[in-house]
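Peer 1: The structure under discussion is supplied below as structure tokens; questions concerning it will follow.
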Amino acid sequence: MAIFKRILDFYINSSIHVSLSVYALVRMTGFLFDIKEINTTALFAFFGTIVGYNFVKYDALARTQKLTLRTELKLIAGLSFLSFLAAVYYFFQLGQNTKIIAFLFLILTMLYTLPFFPNKKNARNWAGVKIYIVALCWVGVTLFLPIFEAGIPINFNVFIIAIQRFILVFVLILIFEIIDLKLDDPNLKTVPQQIGVLLTKIVGSVLLFVFILLCFFQTTFSSHAFLLRLAVALMVFLFLLFADERKSKYYSTFWVESIPIVWLGLMLLVK
């Protein structure tokens, strides 16, 4: 049992799980827009997410707290290096426009992590900004990258799906912020810190209702796609409803982050 827990912890701490969620959403974009050649973009997103998330999580700690490289951290560093090489390889397989979009989100990730101006904190520590930057990056990588790579024009339908994707990620992050309420620096001014847990759950529930409502504004309405979104929204709502500070870290880092993977799995079953 202890070995299984160590493997699970490494799987989560090394950002493999969250990267699979990103991969799943890229593949979902492929299904939604009937993109046949999606593999390169999906793999670039997967390996790039491992690099980006591990950089965000461990860079500040390494610089400020001088982390000693335990075995797990050495393995994560090795995995991140290999993932970086893979991300670079798939980056050069992308089209020119897609490379530009990918580079813009790289800059946003660096802004989120590194202090670019003297005596200034990074964007991660700007009060209330974190949730918007993360949600925007997820939308950019999982929706706009594959769309640009496939040469699909940005139309009203894309705009609606982008809002839905932003709402989904935003609410998932709200769950994380509720779970981490006791651990987060008060200066971060996360949503639960500013309005409380109850109001955060109400805001998240309203956003999920908007998420479902937006399905009816799509130019290509599909009953199957609607039912899948409804199922996903219900799953997220239940996780949001039962979220509190006493929950295990696996509640958010494993189960909540599994929702995009479950969504893809349901889509594959329907197909």
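The values are calculated or read from the model by the stated rules, or taken from the named source; none is laboratory data. As the structure is a computational prediction, the values presented were derived from the model and not from experiment. Counting neighbours? That spans all protein chains shown, and the Cβs are built from the backbone with ideal geometry, glycine included. Protein only, heavy atoms only, side chains kept; ligands, DNA and RNA dropped before computing areas. Shrake-Rupley method; radii C 1.70, N 1.55, O 1.52, S 1.80 Å.
Peer 1: Averaging over all projection directions, find the projected area of the Cα convex hull of the range 224-271 and quote it in nm² with one decimal place.
Peer 2: Computed as one quarter of the Cα hull surface, the answer is 3.2 nm².
Peer 1: Quick one: if the Förster radius is 22 Å, what FRET efficiency do residue 3 and residue 180 give, using the C-beta to C-beta distance and rounding to 0.05?
Peer 2: 0.20
Peer 1: Still on this structure: Of the accessible area of the chain, with the probe set at 1.4 angstrom, what percent is carbon plus sulfur?
Peer 2: Carbon with sulfur: 71 percent of the solvent-accessible area.
Peer 1: In nanometres, what is the gap between the two model label sites at residue 206 and residue 231, each 7 Å from Cα along Cα-to-Cβ?
Peer 2: Here the modelled spin labels are 3.0 nm apart.
Peer 1: Then there's this: Give me the number: length gained by fully extending residue 159 to residue 57, i.e. 0.36 nm times residue separation minus the C-alpha to C-alpha distance, one decimal in nm.
Peer 2: Full extension of this stretch gives 33.6 nm more.
Peer 1: So with the 1.4 Å probe, I'd like the accessible area per residue for the chain, rounded to whole Å².
Peer 2: Counting only protein heavy atoms, the per-residue value for the chain is 53 Å².
Peer 1: Quote the accessible area belonging to residue 224 in square angstrom, nearest 10, computed with a 1.4 Å probe and with ligands, DNA and RNA left uncounted.
Peer 2: The accessible area of residue 224 comes to roughly 110 Å².
Peer 1: Using the Karplus curve 6.51 cos²θ - 1.76 cosθ + 1.60 with θ = phi - 60°, what ³J(HN,Hα) values do you get for each residue of the range 243-258, in whole Hz, with x for Gly and Pro?
Peer 2: Karplus values, whole Hz, x for Gly and Pro: 6, 7, 5, 8, 5, 5, 4, 5, 4, 9, 6, 10, 5, 5, 6, 7.
Peer 1: Can I ask one more? Taking the chain as a Gaussian network, where each spring joins two C-alpha atoms under 10 Å apart, which residue of 24, 231, 162 fluctuates the most?
Peer 2: Of the options given, 231 has the highest mean-square fluctuation.
Peer 1: Give me the accessible area of residue 32, 1.4 Å probe, in Å² rounded to the nearest 10.
Peer 2: The value for residue 32 is about 50 Å².
Peer 1: Which shape class, rounded, prolate or oblate, goes with the range 171-254 when its Cα gyration tensor gives a ≥ b ≥ c as root eigenvalues, a/c under 1.5 marks rounded, and past that a/b bigger than b/c marks prolate?
Peer 2: prolate
Peer 1: Leaving ligands, DNA and RNA out of it, work out the accessible area of residue 34 with a 1.4 Å probe and give it in Å² to the nearest 10.
Peer 2: 100
Peer 1: When a/c is below 1.5 the answer is rounded, else prolate if a/b is larger than b/c, else oblate, so apply that to the range 1-42 with a ≥ b ≥ c taken from the square roots of the Cα gyration tensor eigenvalues.
Peer 2: Prolate, because a/c is 1.5 or more and a/b exceeds b/c.
Peer 1: Strictly greater than 26 Å: what percent of every Cα pair in the chain meets that?
Peer 2: For the chain, the fraction of Cα-Cα distances above 26 Å is 43 percent.
Peer 1: Run the numbers for residue 133 and residue 31: contour at 0.36 nm per residue of separation, minus the present Cα-Cα distance, in nm.
Peer 2: Going from the current span to full extension adds 34.2 nm.
Peer 1: Give me P(r) over the range 122-199, computed from all C-alpha to C-alpha distances, binned every 10 Å, as integer percentages.
Peer 2: 18, 42, 25, 14, 2
Peer 1: Calculate one ³J(HN,Hα) per residue across the range 5-15 by plugging θ = phi - 60° into the Karplus curve 6.51 cos²θ - 1.76 cosθ + 1.60, and present them in order as whole Hz with x for glycine and proline.
Peer 2: Here the 3J(HN,Hα) series is 5, 5, 5, 5, 4, 5, 4, 7, 5, 7, 6 Hz.
Peer 1: Kirkwood hydrodynamic radius (Cα pairs, Å) of the range 127-271?
Peer 2: Kirkwood hydrodynamic radius for the range 127-271: 16.1 Å.
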